[in-house]
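Here is the structure we will look at.
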Amino acid sequence: MTLRTAVQAAAIVPFTPSPAHGAAPAMAAVHTPAAQEVTAIRAGRLIDGTGQPAREDQVIIVRGERIEAVGDAAAVAVPAGARVVDLSGHTVMPGIVDAHAHLSIRPDIRTLRGQLEGMEQHDAMQMARIIRNIRVQLMSGVTSVYVVGEVHYNDIQASQAVEEGIVPGPRIYPSGNFISTTAGHGPAEYRTTNGPWEMRTFVRQNYEMGAHHMKLTITDRARVGPNNGTPYAPGESNYTKEEIDAAVNELHRLGIEATAHANGESIRLAVEAGVNSIQHGGNLNEELMDLMASRDVGFVNTYTIGFQSVFNEWGFLDNEAGDIRDWLERGRHVHERALEENPGRAQRRLDRLGQLRRSKEKGVKVGIGTDSMHGYMLLEMENLVAAGFTPLEAITAATGLNAEIVGIEDEVGTVEVGRFADIIAIDGRPDENIRDMGNVAFIMVGGRDQSALSFR
């Protein structure tokens, strides 16, 4: 099925629950609802994304693109004429929120290096990558993507294309173009903002083009050129305090949120400037954890991107994977082998797991995102479990808490009245075994049943 025919298909095929746990369930056909069409979802179990335990035998009423009612099957009446989706043999939950994504980058170090070195990349190729990447995201259960830096405003255009039904994909919250300084981190053509007024100008330009929020790239170097991005040391801010303050002030003056790519001591500058969230958040010490907790600033951990350098096997993953489960298993294999072959990498992971565990203990909100490792939110969740989170806490981090950290909790992340009907179903009990999250059986975005999409 092509992208266009998948979106245009309107036939309704009743959902057939799989007879046994672990079996691949039948998928419903793609269905686009009328503005006020009513759908009733019968959920065998419901994890609502708020952190509360799963509830048995629930009914969700969807009217148009929003959730109208949710509760015990005995208490929620199914309206006459409603389309009924039977998920009584599955665990139903909010769609996953990927809180850190770059849509046009593939998990291939060559693609990233090309952007860093300023290689010309035609917008058509960028959009082709985006269409592929958001399809993989959707099939892995991701229904919302929070973008943290793109080029040529391609994320804004992709968001419009998904909203108009031109291509299938998750809900996209665009950030517009990267904001980075000379010799800083990010695509070469956007390492240009220097000084407080240039920061304000760039923020205004992104806002004018339709950015929902923006990310400041405060740490990390360009990694190109004879000096390889010096003089910036790991964790050192590429921007002055005055520059960061100006950008955050302008963002908040315009009424939109600021997030920051920040690690180590630069996190202090970002938090004190008033950013709403931190991306990556590496090298956290106890003092920084306390500061973030006191300001209610969460951070989005990005584990899988640390393995990008070993993804020269990307062709092995992308070209040969037959479905999303195969995709996940191949990715897991690459990660596990990399840890076995590189003791230093394995030790860094252990150190990071300790930081995640301690952050949670201190009350810091810990979210997760894939960066450009599209389709691997499950591996991010597994990493949280390895850090000592319960499977339910990992699921909450990927749904309601992620949405809260990046400021979109009024729209997505939980199965509650008034939220968008972004809903998935899992074959299994992922709150007991997190790997069951790989068994995605049903996908709905804004009331649209997207379950029939093929991986290719």
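The values are calculated or read from the model by the stated rules, or taken from the named source; none is laboratory data. The model shown is predicted, which means the values in this text are computed figures rather than measured ones. Note that each Cβ is placed from the backbone with ideal geometry, even for glycine, and that neighbours are counted across all protein chains shown.
Within the set Asp422, Asp431, Asp436, the sole residue that is within 14 Å of Leu46 (Cα to Cα), in contact with a Lys or Arg (Cβ under 8 Å, 6 or more places away or on another chain) and of a type in the set (D, E, K, R) turns out to be Asp422. Looking at Leu392, Leu339, Leu356, Leu384, can you tell me which residue is outside any loop (DSSP other than H, G, I, E, B) and over 30 Å from Leu291 (Cβ atoms)? The unique qualifying residue is Leu339. For the stretch 400-434, filtering for residues that are touching a Pro at 6+ places or on another chain (Cβ under 7 Å), outside any loop (DSSP other than H, G, I, E, B) and over 21 Å from Gly388 (Cα atoms) leaves 1. When the residues of the stretch 350-366 are filtered to those that are in contact (Cβ under 8 Å) with a residue 12 or more places away in the chain and of a type in the set (D, E, K, R), the one that is nearest to Leu401 (Cα to Cα) is Lys365. Please go through the stretch 231-248 and pick out each residue that is touching a residue at least 24 places away in the same chain (Cβ under 8 Å) and either among the polar types (S, T, N, Q) or not assigned by TED's automatic domain parsing to the domain that holds Val203 (or both). Correct list: Ser237, Asn238. With the requirement that a residue be in contact (Cβ under 8 Å) with a residue 60 or more places away in the chain, touching a helix residue (DSSP H, G or I) at 6+ places or on another chain (Cβ under 7 Å) and outside any loop (DSSP other than H, G, I, E, B), what does the stretch 174-222 give you? Within the stretch 174-222, Ile179, Ala188 meet the criteria. What about Met444, is it in a helix (DSSP H, G or I), aliphatic (A, V, I, L, M) and outside the structural domain of Tyr303 (by TED's automatic domain parsing)? Considered against the rule, which asks whether it is in a helix (DSSP H, G or I), aliphatic (A, V, I, L, M) and outside the structural domain of Tyr303 (by TED's automatic domain parsing), Met444 comes out as no.
If you go through the stretch 160-170 one residue at a time, do you hit one that is among the polar types (S, T, N, Q) and in contact with a Phe, Trp or Tyr (Cβ under 7 Å, 6 or more places away or on another chain)? No, the stretch 160-170 has no match at all.
Annotation note: Cβ proximity below 9 Å between a residue of the stretch 328-344 that is among the acidic types (Asp, Glu) and a residue that is in a helix (DSSP H, G or I) (sequence gap 6+ or interchain) occurs for Glu329/Gly438; Glu340/Ala346; Glu341/Val310. Listed by first and then second residue, the pairs with beta-carbon distance under 6 Å, at least 6 apart or on different chains, first residue in the stretch 379-398 and without any contact (Cβ under 8 Å) to a residue 60 or more places away in the chain, second part of a helix (DSSP H, G or I) and charged (D, E, K, R), are Ala387/Arg357; Gly388/Arg357.
Tallying residues that are on the phi < 0 side of the Ramachandran plot and out of contact with any Leu (no Cβ under 8 Å at 6 or more places or on another chain) within the stretch 424-454 yields 16.
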